[in-house]
Each structure stands twice: as structure tokens, then as C-alpha cells.
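Asks: Please see the structure below; I have some questions.
The values are calculated or read from the model by the stated rules, or taken from the named source; none is laboratory data. This structure is a prediction, so every number in the text was calculated from the model and none was measured. Positions of Cβ are backbone-derived with ideal geometry, glycine not excepted, and every protein chain shown enters the neighbour counts. Quick note on the areas: whole protein, heavy atoms, side chains included, nothing else; ligands and nucleic acids left out. Shrake-Rupley method; radii C 1.70, N 1.55, O 1.52, S 1.80 Å.
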Amino acid sequence: MNRQEIDALVKQMNVETATGAVNDRVQQIVVRLLGDLFQAIEDLDISQSELWKGLEYFTDAGQANELGLLAAGLGLEHYLDLRADEADAKAGITGGTPRTIEGPLYVAGAPESVGFARMDDGSESDKIDTLFIEGIVRDTDGNIIPNAKVEIWHANSLGNYSFFDKSQSDFNLRRSILTDADGNYVAQTTMPVGYGCPPEGTTQAVLNLLGRHGNRPSHVHYFISAPGYRKLTTQFNIEGDKYLWDDFAFATRDGLVATAVDVTDEAEIARRGVDKPFKQITFNVELVKDQTQAPSTEVERRRASA
Ligand SMILES: [Fe+2]
């Protein structure tokens, strides 16, 4: 079939058969995606067995709750970031800390505090470095933003996230910190470790067939929001990790690479109230003011909450 015949067939089956109220947007998207799928079946001569394998794959990936991971791994989520950058540029919006993917592991409801939070529950203190993350939230003119909500989440020493990893305490390595009167936030936590897709999982299965690895560098996720500013979804990836620029989820971007500095000075150690040398990362954030012509940066998606 040629495209004209395909489009006519799709329309005949999914548009002309309507007898109830139609959601125009859903109809438009379904018709387009089906047409493109039928066309791909034609062009690539996709067999019936291959098509069923594909549908079974989505069933398995959905049942394993890995579709969010798949979207990151195949670059769909990064592509949406690039599109959002393009839309911002078209709207004349420049500056601000770059966005990057949310990933599938945010959990709403983390404990909230002002200025400072200890994020780890202490269970890994003896096997991994303590990390202090600190920064100032400002606007693109350099004005500090007090009371900005800085939501931070990251993995433990095994590359696992609390909530999804039931062996961790509730909200371990997840906190919401409101910036203090000077726009500062400080988090005391443990060094995150990069992780890979579950090796026997559905995402890794397709990556294997593409000859790709499923590893991420060590990183820390952020949502930063403040009234009158565009919400920022981002993360920093940590210098020195072998996957820094070879991230299976394509989240590492210029401006989002952080260096963990070793702090061994006794006075600094005492000032921080810890008992051993630690690592320190500065991650300052620049938010862009809300503008009426600005595309929204709020993304609706199903997120875990605890
Ligand atoms: Fe992550």
C-alpha cells in the first residue's frame, strides 16, 4: 500500500466509525501514529511475528514498570529536552541553568526544611564518602531567590533509589530544601554511585539488541521551583565518572557537570560537624522568570508519592 491508501484505511477504520463524542487531539495523534506505523510495516516489511513480539515487549515493559526507563534509554526524554530548548529559543528565552531529564525515579512528599537538610539516614556512613552539596539560587539578573524549593534525589552506594529499593528507609537520599534568606541551600548526604538498568530487565534487553550499554554516571537530580519563576528540572553529573559523557540516558550536558572536591582541612571538618574528610560540590542554580509567552516547563506524568 502507498501512504494515501494507508491514510484512507486508517481513517476508514478509526475516524469514519465514530458514533460517540470524539476527543479531537487523541484522534489526531492516534491516526497519525497508526499511519506512521503502517507505513513502517510496509517499508520494513515487518512480519506478523515481529509485530506481536513488539506488542508483547510493551506488555512486559509495562508490567515491569520500565517504560519510563525505556523512554530515557532510547533518548526520547532527551529529545523532548532538545525540543523544549528549541521552543525556548524561539520564544526568546535565554539563560538559566540548563534543563535535563527527570528520569523515572522521583518520589513526591520528601521531608522539607529551610536552608539545610541531611539527606542520608546514616546507614552507609562507614562505607562511602560524606558529600556536602551547596549552592545559591539566583535569577538570570543575579538576584538571589530566597524560599526557592530545591528538591533533590539521588542513588545510594549501590546505585539504588529509596522507595523503589525497599531495603532503604523512607525518603533516604530525598529531600526538599527551601533556600534561606540569602538564597542558599546546603545538603549533607553520601556520594551517589552511577547505576545501570536492571540487567535482566526489559530496557536492558532492547539495549543489548542495539549493542548498547545501560549505564549512567554518578549524578544528583533536581527540581527547583519558586513563585514567579519557571520550574527547572535538571541534574548534575559528577566529573571523573567513566560514563560522564557516555550516559545511556543522554542527561549529561554542558553546564551540568560538577566536580566533587576532597576536603581534608581539620577546621573545615570541625565546622561541618563531621568526623572525617568529606567531598564538596557547589551547584548554583539560575532560574528564568515566568513570561506569558513562555512554554510551560511543568510536565504532567505519573509519579510515585509516599
Ligand atoms: Fe538517576
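Asks: Using Cα pairs closer than 8 Å and at least 6 residues apart in sequence, work out the relative contact order for region 197-277, in percent.
Replies: 22 percent.
Asks: Still on this structure: Kindly rank 83-89, 129-135, 213-219, 158-164 from highest to lowest mean number of other beta carbons found within 10 Å of each residue.
Replies: Ranking the peptides 83-89, 129-135, 213-219, 158-164 by packing returns 213-219, 129-135, 158-164, 83-89.
Asks: Rounded to the nearest 500 deg cm²/dmol, what is the calculated helix-only ellipticity per residue at 222 nm for the chain, with -39500 (n - 2.57) per DSSP H run of length n ≥ 4?
Replies: Estimated from H runs of four or more residues: -9000 deg cm²/dmol.
Asks: Order the peptides 20-26, 247-253, 262-268, 106-112 from the highest to the lowest mean number of other Cβ atoms within 10 Å of their residues.
Replies: Highest to lowest by the protection proxy: 247-253, 106-112, 262-268, 20-26.
Asks: Another one. Would you mind telling me the share, in percent, of accessible area of the chain contributed by carbon and sulfur at probe 1.4 angstrom?
Replies: Answer for the chain: carbon and sulfur cover 52 percent of the accessible area.
Asks: Same structure, new question: Before I look further, what does region 229-276 give for accessible area per residue, probe 1.4 Å, in whole square angstrom?
Replies: Ligands and nucleic acids excluded, the figure is 53 Å² per residue.
Asks: Here's another thing I want to ask about it. Before I look further, what does region 2-126 give for accessible area per residue, probe 1.4 Å, in whole square angstrom?
Replies: Roughly 64 Å² per residue, with all protein chains present.
Asks: Could I ask something else about it? How much length is gained if the chain between Tyr79 and Leu210 is pulled fully straight, taking 0.36 nm per residue apart and subtracting their Cα-Cα distance, in nm to one decimal?
Replies: Taking Tyr79 through Leu210 to full extension adds about 45.3 nm, to one decimal.
Asks: In nm, to one decimal, how far is the modelled label at Glu42 from the one at Gln4, with both set 7 Å along Cα→Cβ?
Replies: About 1.1 nm separates the two model spin labels.
Asks: Using the charge dipole of the chain (Lys, Arg: +1 at Cβ; Asp, Glu: -1 at Cβ; taken about the Cα centre), state which of Leu33, Ile224, Thr190 has its Cα farthest towards the positive end.
Replies: Sorting the options by dipole projection puts first Ile224.
Asks: Can you give the log10 of the normalised intensity I(q)/I(0) at q = 0.07, 0.11, 0.16 Å⁻¹, computed with Debye over equal Cα scatterers of the chain?
Replies: Each listed q corresponds, in turn, to -0.35, -0.78, -1.37.
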